[in-house]
Structure formats: C-alpha cells, structure tokens
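Asks: I'd like to ask you about the structure that follows.
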Amino acid sequence: MKLNLETQKKIASEWFRYLQLEVCKEFEELERKAAKRKKIKPSTLKKKIWNKKNPKDGGGQYFILKNGQIFDQVGINFSKVQGIFPKNFRSKIPGAENNPYYWASGISVVAHMKNPRVPAIHFNTRFIVTSKCWFGGGMDVTPSFQDSKESSFIHKKLNELCRKNKKNYNIYKKWCDKYFYIKHRKEPRGIGGIFFDYLYKDWNKNFKFVRELGICFLSLSKDIINKKAAMKWNKKQKNDQFLKRRRYVEFNLLYDRGTKFGLNTGGNIDAIFMSLPPLE
C-alpha cells in the first residue's frame with residue numbers, strides 16, 4: 001500500500017525518535033556496566049530540548065554524555081524541522097530552487113571513545129522533503145590505529161546489510177570514501193563505511209533499509225566497544241587519538257554537509273556541533 005506524504009513523514013520521524021531513545025538506553029547501559037566494574041558512579045546522558053525561532057517550525061532534542069568510562073563524549077541528536085531555505089542555499093538542495101519550503105527529520109550519533117584503541121563511530125539517517133523527497137544517511141568509523149580485522153568485520157556487516165536490501169554496497173562504500181576525504185590533508189578521515197543520499201524511489205523499501213541500518217549501527221557499536229573498551233592504553237596512544245580528533249574537527253567545520261544544512265536552516269548550534277570531539 002502506498003502511503004501519502006504526511007503519513008511517510010510521521011512514520012519516518014517516529015522511527016528516528018524511537019531509535020534515538022534505544023541508542024541512549026544501550027549506551028547508558030554500557031557506561032553503567034563499566035562504572036560498576038570500577039565501583040564508581042556512572043556518567044549519564046543529559047537531555048536538552050530545543051526549538052527553532054518560530055516554534056511552529058519544529059526543533060528537536062539531543063542527549064550528551066561526557067567524561068564517561070566508555071565515552072569521552074557521545075551525542076545523540078533527533079530533529080524534526082520545517083521552514084524556508086535561504087536564497088543562497090536553495091541551489092544546493094534538490095527540489096528547492098522552485099519551491100524553497102522544506103521539511104526534514106533525522107537522527108545523528110557521534111561517539112568519541114575514552115580508550116584510544118576503540119574507534120570513533122558516526123551514524124545518521126534522515127528523511128528530507130522539498131518538492132522532492134528522499135532518504136539519506138550512512139555510518140562510518142574513525143580509528144586512531146589501523147586494525148584490519150576490525151575493519152573487515154565492519155565492512156562485512158555493512159555489505160551483508162546492503163545485499164539483504166538490494167542496495168549496492170560498492171557504490172555506497174565508494175561514496176563514503178569520497179565524502180569523508182579530507183581534501184586539504186589528502187587523507188581519509190577514517191576507514192569509511194557506507195554513505196548514501198537521494199533515495200527517491202520506493203519509499204517502503206528505502207525506509208526498511210534505513211531502519212535496518214539503524215539496528216546494524218547499534219549492534220556494531222556494541223560489538224566494537226565490548227571487544228576493546230577494557231584494553232590497556234598509554235599516554236602516547238591517547239595523544240595519537242587527540243591528533244586524529246583534530247582531523248575530525250577540520251572535516252566537520254570545512255566539509256560536512258550536515259553541519260552546513262543545520263546552520264542554513266536555523267538549527268540549534270549546540271546540537272549541530274555536538275559532533276566535535278573533546279580535544280583534551
């Protein structure tokens with residue numbers, strides 16, 4: 001059964017909000033278990049709600065945890081917004097040149113780990129409506145140290161997900177590698193993952209893929225963390241992690257489309273920059 005656009009928007013937005021809360025629950029449980037082993041009080045997520053200047057244009061909520069036993073910092077953001085694109089931004093968005101109105105909802109997660117041997121993990125999915133409508137998103141991983149076994153495991157799982165949903169993993173992987181390339185450094189941000197955008201056709205199948213990517217992200221994140229979070233590390237490894245984080249900041253400030261979209265649509269500044277890692 002083909003759903004009308006308003007129903008599609010409602011279902012997609014409700015899924016993103018639900019997934020946000022599931023990620024929060026699972027990540028807090030990881031922190032609780034780590035704190036219990038050390039017999040200390042666990043760090044918890046702090047919730048912040050925000051609205052656009054005109055509350056009718058929506059807003060969102062984000063959760064952030066800092067200085068934990070697992071996470072140096074993790075942010076989990078949900079938003080549902082609408083409005084009018086500024087003139088200088090309309091040509092960059094499909095369907096916005098003739099009609100500048102937009103509606104958008106999505107979830108984004110950025111996890112920067114305490115242990116430098118555990119990679120940073122980024123995930124987001126979104127549904128955007130202009131005179132066209134589409135899904136976009138992806139997942140990528142940024143280790144401070146190369147681990148070919150871990151990299152192969154991550155890409156194997158993402159490949160399986162794409163095959164199951166009849167999506168082209170090779171195209172999405174290449175898109176991710178190209179997108180997360182730090183041009184002025186002439187180096188990749190991490191080991192990649194998958195990245196996709198402008199999934200226009202067959203809303204039901206694309207939504208299924210987006211849902212299953214969210215579930216895959218949460219499962220992979222827990223696997224990666226549980227395997228490495230208790231490993232020993234030293235000051236040199238932590239300094240190497242800080243260097244990698246600086247590269248992360250450079251990419252997000254110079255190239256990241258999500259950052260630009262948020263700034264051009266009146267998003268919450270703190271929610272937009274929750275992706276930036278702690279540098280000390």
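The values are calculated or read from the model by the stated rules, or taken from the named source; none is laboratory data. This is a predicted model, so every value here is computed, not measured. Positions of Cβ are generated from backbone atoms using ideal geometry, with glycine treated the same way; all protein chains shown enter the neighbour counts.
Asks: Picking from Phe16, Phe89, which residue would you name as being in a helix (DSSP H, G or I), at pLDDT 95 or above and among the hydrophobic types (A, V, I, L, M, F, W, C)?
Replies: Being in a helix (DSSP H, G or I), at pLDDT 95 or above and among the hydrophobic types (A, V, I, L, M, F, W, C) holds for just one of Phe16, Phe89, which is Phe16.
Asks: Report yes if some residue within the stretch 251-269 is at pLDDT 95 or above, assigned to a helix (DSSP H, G or I), in contact with a strand residue (DSSP E or B) (Cβ under 6 Å, 6 or more places away or on another chain) and among the aromatic types (Phe, Trp, Tyr); otherwise report no.
Replies: No: the stretch 251-269 contains no residue that is at pLDDT 95 or above, assigned to a helix (DSSP H, G or I), in contact with a strand residue (DSSP E or B) (Cβ under 6 Å, 6 or more places away or on another chain) and among the aromatic types (Phe, Trp, Tyr).
Asks: Give the residues of the stretch 163-214 that are aliphatic (A, V, I, L, M), crowded, with 16+ Cβ neighbours inside 10 Å and not in a strand (DSSP E or B), sorted by residue number.
Replies: Ile191, Val210, Leu213
Per-residue answers, yes or no, for (1) touching an Asp or Glu at 6+ places or on another chain (Cβ under 6 Å); (2) in contact (Cβ under 8 Å) with a residue 12 or more places away in the chain; (3) farther than 26 Å from Phe145 by Cβ; (4) among the charged types (D, E, K, R):
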{"site": "Leu220", "(1), (2), (3), (4)": "no, yes, no, no"}
{"site": "Gln237", "(1), (2), (3), (4)": "no, yes, no, no"}
{"site": "Arg246", "(1), (2), (3), (4)": "no, yes, no, yes"}
{"site": "Thr259", "(1), (2), (3), (4)": "no, yes, yes, no"}
{"site": "Leu263", "(1), (2), (3), (4)": "no, no, yes, no"}
{"site": "Ser275", "(1), (2), (3), (4)": "no, yes, no, no"}
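Asks: What are the pairs with Cβ atoms under 8 angstrom where one residue, in the stretch 166-186, is in contact (Cβ under 8 Å) with a residue 60 or more places away in the chain and within 16 Å of Ile154 (Cβ to Cβ) and the other, located anywhere, is among the small types (Gly, Ala, Ser) and crowded, with 16+ Cβ neighbours inside 10 Å? Sequence gap at least six, or different chains.
Replies: Final answer for the pair search is Phe180/Gly190; Phe180/Gly192.
Asks: Say whether the condition of being under 18 Å from Gly75 (Cβ atoms) and under 18 Å from the mean Cα position of the chain (by Cα) is met by at least one residue in the stretch 195-213.
Replies: Within the stretch 195-213, none of the residues are under 18 Å from Gly75 (Cβ atoms) and under 18 Å from the mean Cα position of the chain (by Cα).
Asks: Conditions: (1) over 18 Å from the mean Cα position of the chain (by Cα); (2) under 21 Å from Gly262 (Cα atoms). Lys39 meets all but one. Number of the miss?
Replies: Evaluating Lys39 over (1) over 18 Å from the mean Cα position of the chain (by Cα); (2) under 21 Å from Gly262 (Cα atoms) leaves (2) as the failure.
Asks: Any idea how many residues of the stretch 47-75 are exposed (fewer than 15 other Cβ atoms within 10 Å of the Cβ) and within 16 Å of His112 (Cβ to Cβ)?
Replies: The qualifying residues number 2.
Asks: A further question follows. Is the stretch 222-229 home to any residue that is surrounded by fewer than 17 Cβ atoms within 10 Å (Cβ to Cβ), touching a helix residue (DSSP H, G or I) at 6+ places or on another chain (Cβ under 6 Å) and in a helix (DSSP H, G or I)?
Replies: no
Asks: Now, a different point. Going residue by residue through the stretch 87-102, is there one that turns out to be surrounded by fewer than 18 Cβ atoms within 10 Å (Cβ to Cβ), closer than 19 Å to Asn252 by Cβ and of a type outside the set (Lys, Arg)?
Replies: Looking through the stretch 87-102, at least one residue is surrounded by fewer than 18 Cβ atoms within 10 Å (Cβ to Cβ), closer than 19 Å to Asn252 by Cβ and of a type outside the set (Lys, Arg).
Asks: For the stretch 24-67, how many residues are assigned to a strand (DSSP E or B), touching a residue at least 60 places away in the same chain (Cβ under 8 Å) and either under 30 Å from Ile84 (Cα atoms) or among the hydroxyl-bearing types (Ser, Thr, Tyr) (or both)?
Replies: Of the residues in the stretch 24-67, 6 are assigned to a strand (DSSP E or B), touching a residue at least 60 places away in the same chain (Cβ under 8 Å) and either under 30 Å from Ile84 (Cα atoms) or among the hydroxyl-bearing types (Ser, Thr, Tyr) (or both).
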